[in-house]
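A.B. asks: Below are the structure tokens for one structure; questions will follow.
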Amino acid sequence: MSDPIRFVVIEDDAPIRKFLCASMGEDEAEWHEAGTGEEGIKQIARKNPDVVLLDLGLPDIDGLVVLSRLREWSDVPVIVLSARGQEKDKIAALDCGADDYLTKPFSIGELMARVRVAMRNKRKSVEEPIFESDGLRVDYVSRLVTLDGSEIRLTVIEYRLLTMLCQYAGRVVTQKQMLTEVWGPEYEDSTHTLRVHMGNLRQKIESDPARPRFIRTETGVGYRFIV
């Protein structure tokens, strides 16, 4: 039997903390609660959690500040739970280092699906030589991409975009992240360039780009490799 998932939940709304803690048994989850950002940072340092659930609207410091400070010393998966549902809020959280973003209200089923993806990505943080998903195979050593056994010829840019999405499979990768990493920081606003290259990549790996098998557009935010 696997060990319980160790959570730190940073949320000033006590009923929400109670709801989360009651959603799973003691054999499934170990919960540590914080009602402020400062206390949450201390709890993370003390408890070394598997996953952090973070609200943005905290009474002492903004959740984005908590996230930025945390990313200076920890790569623990962080899932933002917030009533702020606008695209700009999601982008800001993801750019600050959040692994995922759920808008309140949410279901426990959806939350746990996101938790499982975040934990899988953490375990795979040391890049494996081959990535495989649903017939798509990326061999990082030989830089060979195949789909259902047939080679897919990609340009250098298309290959770099694909491998970045594979690296964060299941997570949203923001447009800014992709532009900065693939083209450089001076291109972070060149969203049209990104859309053109992503369109070309999809034409090569998706049998029907309108109904994607691999890459989903998160409108206004970025892209997610489907797992």
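A.B. asks: When only residues in region 15-40 that are part of a loop (DSSP other than H, G, I, E, B) and of a type outside the set (Gly, Ala, Ser) count, which is farthest from Asp3 (Cα to Cα)? First the steps, then the outcome.
C.D. replies: Of the residues in region 15-40, the ones part of a loop (DSSP other than H, G, I, E, B) are 23-28, 35-36.
Within this subset, residues satisfying the condition of being of a type outside the set (Gly, Ala, Ser) are 24, 26-28, 36.
Details: Met24: 13, Glu26: 10, Asp27: 7, Glu28: 7, Thr36: 27 Å.
Filtering region 15-40 for residues that are part of a loop (DSSP other than H, G, I, E, B) and of a type outside the set (Gly, Ala, Ser), the one farthest from Asp3 (Cα to Cα) comes out as Thr36.
A.B. asks: Val227 versus (1) more than 22 Å from the chain's Cα centre (by Cα); (2) part of a loop (DSSP other than H, G, I, E, B): which is the lone unmet condition?
C.D. replies: Status for Val227: all satisfied but (1).
A.B. asks: Select from region 183-199 the residues that are modelled with pLDDT of 95 or more, surrounded by 14 or more Cβ atoms within 10 Å (Cβ to Cβ) and more than 22 Å from Asp99 (Cα to Cα) and list them in ascending order.
C.D. replies: The answer is His197, and nothing else.
A.B. asks: Go through region 52-106 and give me each residue that's among the acidic types (Asp, Glu) and touching a residue at least 24 places away in the same chain (Cβ under 8 Å). Full working, then the answer.
C.D. replies: As a first pass, look at region 52-106 and keep what is among the acidic types (Asp, Glu): 55, 60, 62, 72, 75, 87, 89, 95, 99-100.
Scanning region 52-106 gives Asp55, Asp60, Asp62, Asp75, Glu87, Asp89, Asp95, Asp99, Asp100.
A.B. asks: Here are some conditions: (1) in contact with a strand residue (DSSP E or B) (Cβ under 8 Å, 6 or more places away or on another chain); (2) within 22 Å of Ala113 (Cα to Cα); (3) surrounded by fewer than 12 Cβ atoms within 10 Å (Cβ to Cβ). Glu151 meets all but one. Which one does it not meet?
C.D. replies: For Glu151, the exception is condition (2).
A.B. asks: Further, regarding this structure: Would you mind stating whether Glu72 is of a type outside the set (Gly, Ala, Ser), open to solvent by 20 Å² or more (accessible area, probe 1.4 Å) and part of a strand (DSSP E or B)? Give the steps one after another, and end with the answer.
C.D. replies: Working: of a type outside the set (Gly, Ala, Ser): yes; open to solvent by 20 Å² or more (accessible area, probe 1.4 Å): yes; part of a strand (DSSP E or B): no.
Judged against the criteria, Glu72 is not a match.
A.B. asks: Still on this structure, I have one more. Say whether the condition of being of a type outside the set (A, V, I, L, M), open to solvent by 20 Å² or more (accessible area, probe 1.4 Å) and closer than 27 Å to Glu218 by Cα is met by at least one residue in region 34-50.
C.D. replies: Looking only at region 34-50, we keep the residues that are of a type outside the set (A, V, I, L, M), and these are 35-40, 42-43, 46-50.
After this cut, where a residue has to be open to solvent by 20 Å² or more (accessible area, probe 1.4 Å) as well, the list is 35-36, 38-39, 42-43, 46-48, 50.
With closer than 27 Å to Glu218 by Cα added as a condition, the list becomes 50.
Within region 34-50, one or more residues are of a type outside the set (A, V, I, L, M), open to solvent by 20 Å² or more (accessible area, probe 1.4 Å) and closer than 27 Å to Glu218 by Cα.
A.B. asks: I need the full set of residues from region 1-14 which are surrounded by fewer than 19 Cβ atoms within 10 Å (Cβ to Cβ) and either of a type in the set (Ser, Thr, Tyr) or in a strand (DSSP E or B) (or both), in order please. Working first, answer last.
C.D. replies: First, pick out the residues of region 1-14 that are surrounded by fewer than 19 Cβ atoms within 10 Å (Cβ to Cβ): 1-6, 12-14.
Selection gives Ser2, Ile5, Arg6.
A.B. asks: Exactly one condition in (1) open to solvent by 40 Å² or more (accessible area, probe 1.4 Å); (2) without any contact (Cβ under 8 Å) to a residue 40 or more places away in the chain; (3) more than 16 Å from Leu201 (Cα to Cα) is not met by Lys176; state its number.
C.D. replies: Every condition holds for Lys176 apart from (2).
A.B. asks: Since Lys90 meets every condition but one in (1) in contact with a Phe, Trp or Tyr (Cβ under 6 Å, 6 or more places away or on another chain); (2) surrounded by fewer than 12 Cβ atoms within 10 Å (Cβ to Cβ); (3) of a type in the set (D, E, K, R), which condition does it not meet?
C.D. replies: (2)
A.B. asks: In region 205-224, what residues are open to solvent by less than 30 Å² (accessible area, probe 1.4 Å) and in a loop (DSSP other than H, G, I, E, B)?
C.D. replies: Glu206, Phe214, Val221
A.B. asks: Quick one: Asp99 ticks every box in (1) touching a Pro at 6+ places or on another chain (Cβ under 8 Å); (2) open to solvent by 30 Å² or more (accessible area, probe 1.4 Å) bar one, so which box is it?
C.D. replies: Looking at each condition in turn, Asp99 falls short on (2).
A.B. asks: Now, a different point. Give region 128-143 a look and list any residue that's among the hydrophobic types (A, V, I, L, M, F, W, C) and either in contact (Cβ under 8 Å) with a residue 12 or more places away in the chain or surrounded by 15 or more Cβ atoms within 10 Å (Cβ to Cβ) (or both), or say none. Break it down stepwise before answering.
C.D. replies: We begin by selecting, within region 128-143, every residue among the hydrophobic types (A, V, I, L, M, F, W, C); these are 130-131, 136, 138, 141.
Of everything in region 128-143, those that are among the hydrophobic types (A, V, I, L, M, F, W, C) and either in contact (Cβ under 8 Å) with a residue 12 or more places away in the chain or surrounded by 15 or more Cβ atoms within 10 Å (Cβ to Cβ) (or both) turn out to be Phe131, Leu136, Val138, Val141.
The values are calculated or read from the model by the stated rules, or taken from the named source; none is laboratory data. Bear in mind that the values here come from a model prediction, so they are computed numbers and not experimental data. For neighbour counting, all protein chains shown are included, and Cβ atoms are generated from backbone atoms with ideal geometry for every residue, glycine included. Each accessible area value is taken on the protein alone, full model and side chains, heavy atoms only, with ligands, DNA and RNA left out. Shrake-Rupley method; radii C 1.70, N 1.55, O 1.52, S 1.80 Å.
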